[in-house]
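Participant: Mind having a look at this structure? Questions to follow.
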């Protein structure tokens, strides 16, 4: 058998067969001896031919990258767990998570709040049970520690008698700067609730806005399944740069530096604190090309965010218009910070003198500002209110505006006295699975699962 295989590999036909499967995607291997020539026994080995691109891939998807990237992936895989939630013994959701800390026998798993929320409601399900599935297949019981529906983040604590590997999110923001000439290659990881079930998908960071409401979200071209929701996104240097969510054609994710700030808020205050400033913004480079051309003609090299929406008592009280750069405003609505000086279309480039280049960095600065404010309150022994600040935070914005032929650079201020509630701000649509059945005369002919 072995001699026959060697003879075939040395033949012209064998060389042609070998070259064919080396150069044809997905680069699958076959036994060197044609199966028709093997009698009374199967081939010595068998390889999985390929995987569906619409589903979460296996580790073989990284075979076209360097071994260093694959090694980083396998190291991070030790910290990636599968998660299942149940309510009254009824399955609620399955996804992935990352162990970011292990102290005194308790592991801290970060995942998506979709694991614990009721469908179409920003509420935690009753009588909730969470299973945490380790890479080895061992299943531990988890308990929900913290949830934030605005960023769709959930922290699950799990007790273990053995040491659990852990890795923190990266605080670096430079990876997301599209002005820098460096690799934007990324790897999304996830895990099923079964033994050695690591799933990975490779892709690139893309300068595109997510379809979701959360303005801090960034997007990668990785293709994952819903089981990958809550899993980590890794750069090619092995750093965890975000937590993944699911969309059909791309993968939105919360940047790692935002995740770190949220986890710090959970640790300090038990919840995430955000100022209710009334602005909805998007990163400047996400604007349409016709708008960018006009902006860069007046403000060459500008970066920041564009204000899309300003919620104020009445449009007359606001002094910032739609169309400015940095952050740009598109629409004015009622109900939020009084006497706002920012209008739809304005471009914001600095907050309290701190420069930023994206909506995610803008949100991170505001999280730091609120966190510092709350820590000062705690030092003074002031009582906490769920939504109201006893003292006002004044946010100073460096704004660039253009009204017709007139352009100017100014500093505008918004005084904030309320926090943004955890829910009701951002929607996180996640299609549910459904069955399509073909029934004729009471007889079930076909049944297919979708979603």
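Since every read-out is calculated from the coordinates, none of them should be taken as a lab result. Since we're looking at a predicted model, the values are computed, not measured. Note: ideal-geometry Cβ built from the backbone for every residue, glycine included; neighbour counts use all protein chains shown.
Participant: Gap in Å between the Cα centre of the range 398-418 and the Cα centre of the range 200-239?
Facilitator: The distance from the Cα centre of the range 200-239 to that of the range 398-418 comes to 33 Å.
Participant: Based on other C-beta atoms within 10 Å, arrange 120, 296, 373, 265 from fewest to most. Provide the component values of the computation, followed by the final result.
Facilitator: Details: 120 10, 296 13, 373 17, 265 21.
So the ranking, lowest neighbour count to highest, is 120, 296, 373, 265.
Participant: Please give the per residue volume of the convex hull enclosing the alpha carbon atoms of the range 213-265, rounded to a whole number of Å³. Working shown, then result.
Facilitator: Working: hull volume 4.6 nm³, N = 53.
Given the Cα convex hull of the range 213-265, per-residue volume reads 87 Å³.
Participant: In whole Å, what are the extents of the range 75-143 along the principal axes defined by its C-alpha atoms, from largest to smallest?
Facilitator: Ordered largest first, the range 75-143 gives principal extents of 36, 22, 21 Å.
Participant: Please work out the C-alpha center-to-center distance from the range 266-304 to the range 340-377 and express it in whole Å.
Facilitator: Cα centroid to Cα centroid, the span is 9 Å.
Participant: Can you pull a Stokes-Einstein diffusion coefficient for the range 51-271 at 20 °C (1.002 mPa s), Rh from Kirkwood over Cα pairs, as a whole number of µm²/s? Write down the numbers at each step before the final one.
Facilitator: On the way: Rh = 17.2 Å.
Rounded to a whole number, D works out at 124 µm²/s.
Participant: Rank the residues 159, 168, 274 as a footprinting-exposure proxy: fewest other Cβ atoms within 10 Å of their Cβ go first.
Facilitator: Values: 159 14, 168 17, 274 24.
Ranked by crowding around the Cβ, least crowded first: 159, 168, 274.
Participant: Another one. Per q in 0.14, 0.28, 0.30 Å⁻¹, report the Debye log10 I(q)/I(0) for the range 107-152, using one uniform scatterer on each alpha carbon and no solvent.
Facilitator: With no solvent term, the Cα-only Debye profile gives -0.37, -1.14, -1.23.
Participant: Could you tell me the ratio Rg/Rh of the range 154-217? Both radii from Cα atoms, Rh via Kirkwood. Provide the component values of the computation, followed by the final result.
Facilitator: Numbers: Rg = 16.2 Å, Rh = 15.7 Å.
Taking Rh as the inverse mean 1/r over Cα pairs, Rg/Rh reads 1.03.
Participant: Turning to a different aspect of this structure: Normalised by the number of residues in the range 51-271, what is the relative contact order in percent for Cα pairs under 8 Å and 6+ residues apart?
Facilitator: Working: 554 pairs, mean separation 49.5, N = 221.
Taking the mean separation of contacting Cα pairs over the length of the range 51-271, I get 22 percent.
Participant: Further, regarding this structure: Place the peptides 344-355, 137-148 in order of packing, highest mean first, counting for every residue the other Cβ atoms within 10 Å and averaging per peptide.
Facilitator: Values: 344-355: 21.2, 137-148: 16.7.
With the highest mean Cβ count within 10 Å placed first, the list reads 344-355, 137-148.
Participant: Please report, in whole Å, how far the alpha carbons of the range 155-275 spread along each principal axis, starting with the longest.
Facilitator: Sorted largest first, the three principal extents are 45, 40, 27 Å.
Participant: Taking other Cβ within 10 Å of each residue's Cβ, how do 306, 241 sort, fewest first? All intermediate terms of the calculation are to be shown ahead of the outcome.
Facilitator: Working: 306 29, 241 24.
Fewest to most other Cβ atoms nearby, the residues stand as 241, 306.
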